[in-house]
Amino acid sequence: MSFDPFGDFATEGYLRNVEKEKDLDIVKRLEHASFTTGLDEAFTALGRSRQFSYSDVLQTHGILFNAVYPWAGQDRLSIAPTLSVRKGPVIFANPSEIQPAVEFALRKAQEKDYLRAHPGEIMGYLAFGHPFLDGNGRTIVTLFSALAQRAGFSVDWSATDKDTYLDALTKEIDAPSRGHLDNYLAKFIREPIAHEELAAQVIKAPGLDGRTPAGDENEVIGNVDAPEVKAQYEAMLLKRRRKT
């Protein structure tokens, strides 16, 4: 069944997209067109920020996806505040914890030496926050590429493999700060590129068309206050805190 956090897929289509389209292949093509045409504007907007904040994350998503979703630029706390969301084995931050999780990642990321040493860790923290109902991966790669450029390096996204990257990212979210994604990305760290070249670099990344294998889509687990949902979430947080 399609991801339907609003409960109105039958009348409003997938995630209330502007076309009320139900065919996911069509929706994903619309998303990809919006994303690729919005990248230059998104990087221009990020370039105006002296220090990235949560509002920059929201603005980036809004620029990249406002042609598809009326709620683009609004996080899950704003539009689905009671729902717990997962993808495959990964449970993402509860809506009320999204902003603190992302702000923690941004604080660490803007310590340039730390970001250069732990790029995968930062990506994992941002991905755990999962601020939006859709478009998180593309928003995070866009933001991260701007952060890396300011820290004096780049990631050759075109050389990465989608499945291997996602496997390392899943492990990073599940068990942060153990080097899962740091070790994978280390092979693709390059010299910094000019800010105006960032959009062209990101477009080359494999797997940013938003398509996911059947059975690996976002899924609503239930209400964040439901006992069984709270138990799953607390077990996940406990696992993330373990250092071994």
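Every number here is computed from the coordinates shown, using simple stated rules; none is lab data. Because the structure is a prediction, the values reported are computed rather than measured. All Cβ positions, glycine included, derive from the backbone under ideal geometry; neighbour counts span all protein chains shown.
Points to keep in mind about this one:
- Failed criterion for L185 (all others in (1) in contact with a strand residue (DSSP E or B) (Cβ under 9 Å, 6 or more places away or on another chain); (2) more than 17 Å from W157 (Cβ to Cβ) hold): (2)
- Selected residue (criterion: farthest from A101 (Cα to Cα)) from residues of the range 59-71 that are free of Cβ contacts under 8 Å to residues at least 40 places away in the same chain and among the polar types (S, T, N, Q): N66
- All positions within the range 90-116 that are farther than 24 Å from P192 by Cβ and in contact with a helix residue (DSSP H, G or I) (Cβ under 7 Å, 6 or more places away or on another chain): V90, I91, F92, A93, N94, P95, S96, I98, Q99, A101, E103, F104
- Some residue of the range 115-125 being over 14 Å from the mean Cα position of the chain (by Cα), more than 24 Å from N17 (Cβ to Cβ) and surrounded by fewer than 19 Cβ atoms within 10 Å (Cβ to Cβ): yes
- Matching residues, the range 1-19, being in a loop (DSSP other than H, G, I, E, B), surrounded by 13 or more Cβ atoms within 10 Å (Cβ to Cβ) and free of Cβ contacts under 8 Å to residues at least 40 places away in the same chain: G13
- Pairs with Cβ under 8 Å, 6+ apart, first in the range 188-212 and touching a residue at least 60 places away in the same chain (Cβ under 8 Å), second loosely packed, with under 14 Cβ neighbours inside 10 Å and assigned to a loop (DSSP other than H, G, I, E, B): none
- Criterion: of a type in the set (D, E) and in contact with a Phe, Trp or Tyr (Cβ under 9 Å, 6 or more places away or on another chain) - qualifying residue of D167, D163, D182, D174: D167
- Positions within the range 37-58 being in a helix (DSSP H, G or I), within 18 Å of F132 (Cα to Cα) and in contact (Cβ under 8 Å) with a residue 24 or more places away in the chain, in sequence order: G38, L39, A42, Y54, D56, V57, L58
- Scope the range 86-102; condition buried (at least 16 other Cβ atoms within 10 Å of the Cβ) and in a helix (DSSP H, G or I); matching residues: P95, E97, I98, Q99, A101, V102
- Hits in the range 135-188 - residues which are closer than 23 Å to Q51 by Cα and outside any helix (DSSP H, G or I): G135, G152, F153, S154, V155
- Annotation: of all residues in the range 59-79 being assigned to a loop (DSSP other than H, G, I, E, B) and more than 13 Å from the chain's Cα centre (by Cα), the one that is nearest to V224 (Cα to Cα) is Q74.
- Selection status of F128, in contact (Cβ under 8 Å) with a residue 40 or more places away in the chain, in a helix (DSSP H, G or I) and in contact with a Pro (Cβ under 8 Å, 6 or more places away or on another chain): yes
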